[in-house]
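For reference, the structure discussed in these notes is given below.
The values are calculated or read from the model by the stated rules, or taken from the named source; none is laboratory data. Computed from a predicted structure; not experimentally measured. No Cβ is skipped: glycine too gets one built from the backbone with ideal geometry, and neighbour counts run over all protein chains shown.
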Amino acid sequence: MTASRLTDGGLIDRQTPLTFRWEGKSLQGFKGDTLASALLANGESIVARSFKYHRPRGVMSAGVEEAGAFGTIGEGGRTDPNVALTTVELHDGLVARGQNAWPNVRWDIGAVLGMFGRFFSAGFYYKTFMGIPPFESGRGTGVWMQYEKLIRRSAGMGTIARLPDPDRYEHGNLHCDVLVVGSGVAGASAAIAAAEAGLDVVLVEQDFSVGGELLSRGDVKGRSKLQSLRKSIEAAGVRVMLRTTAFGLYESGVVGLLEQFPYSSGMLPRQKLWTLRSQHVILATGAIERPLAFGNNDRPGVMSASAGRTYLNRYAVLPGRSVVVATNNGSGYQTAFDLSAAGASVTIIDSRPAGDRELSDIARGRNIDVQAGTAPLNVVGRRRVEAIEIAGRAGNAWAKKSTITANSLLVSGGWSPVVHLQSHRGGRPVWNDQHQCFLPQADVEGITIVGSAAGHWSYAGCEASGLAAGEGVVRKLKGELVRFDLPAASEPKTPVDPLFIIESTHPKKSFVDPINDVTIADVRLANQEGFISVEHLKRYTTLGMGNDQGKTGNVLGLAVMAAARGIDVPNVGTTRFRPPYTSISLGAIAGELTGTHFKPIRRTPMHDWHVSRGAKFIDAGLWHRTWYYPRNNETLADTYVREAGTVRAKVGMCDVTSLGKIAVQGPDSGAFLDRVYTNAMAKLAVGKTRYGIMLRDDGIVMDDGTCWRVSEDEFLVTTTTTNAGKVMTFLEELLQVRWPDLKVHVTSVTDQWAGFSLAGPLSRETLKACLADPDLLNTENCPFMAFLDAKLASGVPCRIARISFSGELAYEVYVPSNFGAHLAEVLSREVDARGGCQYGLEALGTLRIEKGHVTGAELDGRTTLEDAGLAGMASKKKPFIGSALRNRPELLKQDRARLVGIFPKDRKARFNAGSILCSPNKVSGFGAGWITAVTYSPALGHWIGLGYITGGKSEWVGKAAVAADPVRDGLTDVEIVSPHMFDAEGVRMNG
Amino acid sequence: MLRINCPFCGSRDHIEFAYGGDGSISYPALDASPEEWTKAVFERENIAGRQSETWQHLYGCRMWLRVERDTVTHEIFSVAPAHPGMGTHEDSQ
C-alpha cells in the first residue's frame, strides 16, 4: 500500500479533473495538483532513478528543494528535462516521463550499477580511468575522453531536445517601492502593511497559490486565516505575481524575477524574465526542512515531514496508511497529528532523549505512539518503504532497537532558513546552535528578512515580524528613519536536537545529497583525502552541485564533515550562494532576442532599392551593407571582378550611407579638429575636404576619414562605418571631460544623409547628367578634394564631394535621407545608360586593395602611422592627440611590420587573407608578417594582397617570401611590393 | 545590475551607460613630454574601494559623468556632470 487520494479535503478542485500522461500511461489528477501530488495520488511511488547508482527514487518534498523526483516534461521541441516534479503545476494534457532509466523508472537495467556501488565513491571515475598506464602513457587524456563518453551516458539526468523551442519567452521591466518575496503569513503581512500605507508593493510567490505554509494547514482556523490574508492583499492593492521566482538579488535594489505562465493555448509566453527595480526588498522566503542521514534514507516513501503534511492537507494525498514520523525537533508532531486525524496509524520517533512533554501528551491523547530518544537507523524495502529499523541511543552511538512496519517515513531533521537571496548581495548568515541552522544577519542595506527565513518558527512570530517590516519600510521610505529593527527570533519551544547522522557499526548507504548520489561515506572520503575546505568538499564530491544547489543537503554535508573533523558545523564554513535560486531556462535568458531580433539591424534608405537590383548584403557592424549584385548565375567572385572592372573602365555606384558623419560646430571647431587629427584642419578652406587620421592617446591609429569645411565654424567629419560610434564617443569625451573650455558641439548626422559614391572615368559626365546645373562639376568649380552644394535635376538638394576611395575619378553624393531612394533612381538611370553598374563592398574592397588604401583590416588597433605608410599625415607644426606617445621608442623601431603589397610569384597562383608571411627558410612561429586582405585584381590580371611585414618593402626587395597557410593551401611563393599596386601616381583620380 | 542616477535623466540601469575610465586622471597638455603622457595613459591604481570614474550616458543623453563608486560594494556615492560648466535639471529646481 502506497500513497493514496482521500475522498475529500485539500485545496484541489475536484470539479476539474485533469488528464495527463506519465511514462506513457494516462492518469488523472485535479486542478490544484502538482505533478508530484498527482503521481502520489495515483500510487506512483518510483518516479525517478538516481544520478549515479540508478536507485529508485520517489517524491521527497513538496517544493523547490526537491532532491529526488526529477523528470522530463513535454515532448518534441518543448521537452524540458531535469524538472522537479514537485514544482510542476498539473494541467490537462501534460506529458511527462522519468529519466536516467531504461526501459523505465520502475524497471531500470542501469540499477545493476547500484550493486557495485561500493566502487563508485567520490572521485572513482577520475582515479580509475584517467591516466591508466600503459594505455595512456604519453597520450594525455585521450583514452579518458573515450571512457568519459560511456560513463556520462550511464550517469546523468535527462536529455535535452535537439529541436528549436517553439515557445515564446519575453523580457519585462518592473518598478516598485517594495518587493516582498514569499506570500506566507510573514510576507503577506509585510506587503499588506506597506501597501496600506500607500507604497507600491509587488509580492512574488513561486507557487501558483498565495499562502505559503498556510496552504499546508488543514485546520479551520488556518483556512480562515488564508482567506482573510488573501482578501487583505487584494484590498491593499498589492501587486501579486504568482508562479514567479525571485532568482537573484543585485545592486541598487534590482531583482531578477522569472515568471512561469500557466499552461495555455499559446497566447501567453511560456516564461518571462523580469528586471525589477525597487527601493527596498523584504525577504519572506521561509525555511526548508532538512533530512537526516540514515541507512537507505532515499527509498521511495521517505519524505520530509512538512511535505507529508502538505500532501495531506493541500492535495488530499495520504502518504501512507502506516506512517513513522522521525523528528529531532518539535515541528514533526503537527504532521503526525494531521495524519492520525486522516486515519493513518502513526508512530513518532523523537531523537531527543526527553522528547517534548507537551506535544507528547497531545499525541498520546490521540493514540499516537511516541518513542523518545529513538531515531531511524535504516529503511527496509528495496523499491519502497516496507519497514523502519529504529535505533536507540547507546552512549554516543546508536544501536538497533526495533523494527516498525510502515509504508511511509516522514523526517524532520530541523529547518534551514532560505538565506540564498541575501547571500547574493553579500549577506553572511551565522550558525545558531539553539536553532541548529544558519540565521541571516541584518547586514545588507535595503534588504529585510522576516518570518521563518529569519528564524521565527511560530505563526504569531512570523506575522509580527512581517508587520514590523512593513511598517518599518514605510517609515524608512518616508525618510523618518534610516534603519529599523525587527523582533528577534524567539527561541524554539523545545530545543532542536543537533542530530544529523544515525548509524550503527554496519552502516548502509546513507545519502547527504541524493541528487548527485553523495553519501556520508563520500564526504568522509573527502576528509580522508584532504579535501576538507568546504569549497574542495563541494567540488570533490559534487555535494550541493545538483539541480537543487544543496537546498536540503548542504547543511547535512557540513555536519558530516564537521563530525569527521571533530569540529563544530560553523567551523567547516558555508559556501556563498549565487544566483539563480532555482534554475532558469536559457530561453528565458534569451527572451525575444533571438534570430533576427538578436541585434538591431541598420538599413540604408536605399535598402529596398538594392533588393530590387538583386543585391546581396553583408553585415558591417549593425549595418546591412550591399555586398555584390550578381547577374544571372554569377558567383560572388564573378560578380566582384565584373563590378570592379566596370568601375575602372566606365562608372559604378556604391551605397556609402553607413559611413559615420559628425557635424562639428562652433567657433573653436578648427582648433578642436587640429588637436584631434594628426594633420592640420584649422586652415582648411571653406568648400574643401581633406583626408584625416585620428590617433588614440597611446599613439596608435584609431580611425580615418574625411573632414569637410562647411563654413568658418562648421565642419563635417566622416568616419569608417564600424568606428562611427567610437569616434563620436571620443569626441564627446574630449569636449566634456578634457577640454570643456572649447566652444564646440558635435552631433551625429549619420542618419540624416544618404549617399552614393560614384566612381570611374565616366563618373563626371554621369553625375552632370543628374544635376540641375551640370557646370558645377567642371574642374575649375569642383577640383579634386572640393565639395559643393547643388541640386539634382528634380530640385532635390544634394552635397557633392570629389573624393575617391577607389582611385578613380569619383564623387560622393549625399541627399537628405528621405531622398535616398530617389537618388538611387536618378543615378542608376545615368549609370546604366553608360554601361556602368552598381557595385558592393566586395568590389569596393578590390578597388581599394589595388590602390593600397587601408581599412579596419589594416588599422587594427596595433598600427602606427609609420606602420601603415602614413607617416606624412603627421603634422610637425602642432601637437595632436597621440603625438607624444607615438614617439615611444618601441613604436619607432625600423623593424616593425610595415604595410606592403603582395603579388604571387607565379602570377597564376592565389593565396589567402590570414596567411602568415615568412622567409622561405624560416616557416615557423609568427613568421615575418601577415596578410590582411586579398583579392583578384581585374586591373592587374592576377591575385594581389595587402599585409604587413617586418621592415616593409625596402627590407624585402629582391628577397623571397612565402605566404604560409598550413591548414588550407600550404605555401605560396610571393613577392613583396609597394602597397600602391595600381596607378601609384594617382593620374586617374586627379584627372 | 547597477543603477546610476544621471543628473540629466534620472536613475537608469547601468547598461544605458558606458564606462569611461579613471576619473582622477588629469591629462597633460598635448605638447607635454612622452613621460608625462605615459603616466596619464598607462599608469593606473587598482583601487579596492572608493574610486572616481568617468561614465557616459551612451544610450541616454550622451553626457559624460563623474561617478564616485566603491569598486567592492558597487555603492555609488555621487554622480555629477563631467563638464564643469554644465547646469543640470536638478540645479534649476
Filtering the stretch A:833-888 for residues that are more than 28 Å from A:Y628 (Cβ to Cβ) and among the aromatic types (F, W, Y) leaves a count of 1
Just one of the numbered conditions (1) closer than 21 Å to B:M63 by Cα; (2) assigned to a helix (DSSP H, G or I); (3) away from chain B (no Cβ under 14 Å); (4) not hydroxyl-bearing (S, T, Y) is not true of A:V717; which one?
(2)
With the structure loaded, tell me whether A:I109 is of a type in the set (A, V, I, L, M) and surrounded by 14 or more Cβ atoms within 10 Å (Cβ to Cβ) or whether it fails that test.
no
So which pairs qualify, if the first residue must be in the stretch A:292-318 and within 24 Å of A:K508 (Cα to Cα), the second must be part of a strand (DSSP E or B) and of a type in the set (S, T, Y), the Cβ gap must be under 7 Å, and the two must be at least 6 apart or on different chains?
A:G301/A:S408; A:S304/A:S412; A:A305/A:T327; A:A305/A:S412
Condition check for A:V727: buried (at least 16 other Cβ atoms within 10 Å of the Cβ), touching a strand residue (DSSP E or B) at 6+ places or on another chain (Cβ under 6 Å) and within 10 Å of chain B (Cβ to nearest Cβ)
no
For A:C654, work out the one condition from (1) more than 29 Å from A:M606 (Cα to Cα); (2) surrounded by 19 or more Cβ atoms within 10 Å (Cβ to Cβ) it doesn't fulfil.
(1)
Log entry, pairs with first residue in the stretch A:815-836 being on the phi > 0 side of the Ramachandran plot, second being of a type outside the set (G, A, S) and surrounded by fewer than 20 Cβ atoms within 10 Å (Cβ to Cβ), beta carbons closer than 8 Å, six or more apart or on different chains, reads A:G835/A:K650
Given (1) buried (at least 20 other Cβ atoms within 10 Å of the Cβ); (2) part of a loop (DSSP other than H, G, I, E, B); (3) among the hydroxyl-bearing types (S, T, Y); (4) at pLDDT 95 or above, index of the condition A:S806 fails:
(4)
Residue in the stretch A:450-476 that is nearest to A:G414 (Cα to Cα), counting only those that are surrounded by fewer than 18 Cβ atoms within 10 Å (Cβ to Cβ) and out of contact with any helix residue (DSSP H, G or I) (no Cβ under 7 Å at 6 or more places or on another chain):
A:S458
Taking the stretch B:41-56, which residues are over 10 Å from the mean Cα position of the chain (by Cα), more than 9 Å from every other protein chain (Cβ to nearest Cβ) and not acidic (D, E)?
B:R44, B:N46, B:I47, B:A48, B:G49, B:R50
So, in the stretch A:310-350, how many residues would count as being among the acidic types (D, E), crowded, with 24+ Cβ neighbours inside 10 Å and closer than 20 Å to A:T7 by Cβ?
0
Evaluate the stretch A:397-410: report whether one residue or more is touching an Asp or Glu at 6+ places or on another chain (Cβ under 8 Å), within 14 Å of chain B (Cβ to nearest Cβ) and of a type in the set (K, R).
no
Can you tell me how many residues in the stretch A:19-39 are more than 34 Å from the chain's Cα centre (by Cα) and on the phi > 0 side of the Ramachandran plot?
1
Single unsatisfied condition, B:S78 versus (1) within 12 Å of chain A (Cβ to nearest Cβ); (2) farther than 24 Å from A:V676 by Cβ; (3) part of a strand (DSSP E or B)
(1)
Return the only residue of A:T846, A:T855 being at pLDDT 95 or above, of a type in the set (S, T, N, Q) and within 30 Å of A:I902 (Cα to Cα).
A:T846
Answer from B:E45, B:E35, B:E68 - the residue that is of a type in the set (D, E) and assigned to a strand (DSSP E or B):
B:E68
Within the stretch A:574-592, tally of residues that are within 13 Å of the chain's Cα centre (by Cα) and basic (K, R):
0
For the stretch B:10-32: of the residues being facing chain A (nearest Cβ under 8 Å) and under 10 Å from the mean Cα position of the chain (by Cα), which is farthest from B:V67 (Cα to Cα)?
B:A18
Every residue in the stretch A:809-827 that is more than 42 Å from the chain's Cα centre (by Cα), crowded, with 20+ Cβ neighbours inside 10 Å and of a type outside the set (F, W, Y), please.
A:L809, A:A810, A:E812, A:V813, A:V815, A:L823, A:A824, A:V826, A:L827
Look through the stretch A:246-297, keep the residues that are among the acidic types (D, E) and more than 12 Å from chain B (Cβ to nearest Cβ), and return whichever of them is farthest from A:H424 (Cα to Cα).
A:E289
Being part of a helix (DSSP H, G or I) and surrounded by fewer than 22 Cβ atoms within 10 Å (Cβ to Cβ) is the filter; apply it to the stretch A:852-889 and report the residue that is farthest from the other protein chains (Cβ to nearest Cβ).
A:G872
Quick check on my filter: what residues within the stretch A:488-539 are among the charged types (D, E, K, R), farther than 19 Å from A:P570 by Cβ and surrounded by 20 or more Cβ atoms within 10 Å (Cβ to Cβ)?
A:D513, A:D517, A:D522
Residues in the stretch A:321-357 that are assigned to a helix (DSSP H, G or I) and either among the β-branched types (V, I, T) or touching a residue at least 12 places away in the same chain (Cβ under 8 Å) (or both) total 10
Qualifying residue in the stretch A:754-766 (condition: within 18 Å of A:A786 (Cβ to Cβ) and surrounded by fewer than 22 Cβ atoms within 10 Å (Cβ to Cβ))
yes
Just one listed residue, out of A:K476, A:K538, is outside any loop (DSSP other than H, G, I, E, B), over 26 Å from A:A397 (Cα atoms) and more than 32 Å from the chain's Cα centre (by Cα), and it is A:K476
Just one of (1) buried (at least 16 other Cβ atoms within 10 Å of the Cβ); (2) under 24 Å from A:G882 (Cα atoms); (3) more than 8 Å from chain A (Cβ to nearest Cβ); (4) of a type outside the set (A, V, I, L, M) trips up B:W64, so point out which.
(3)
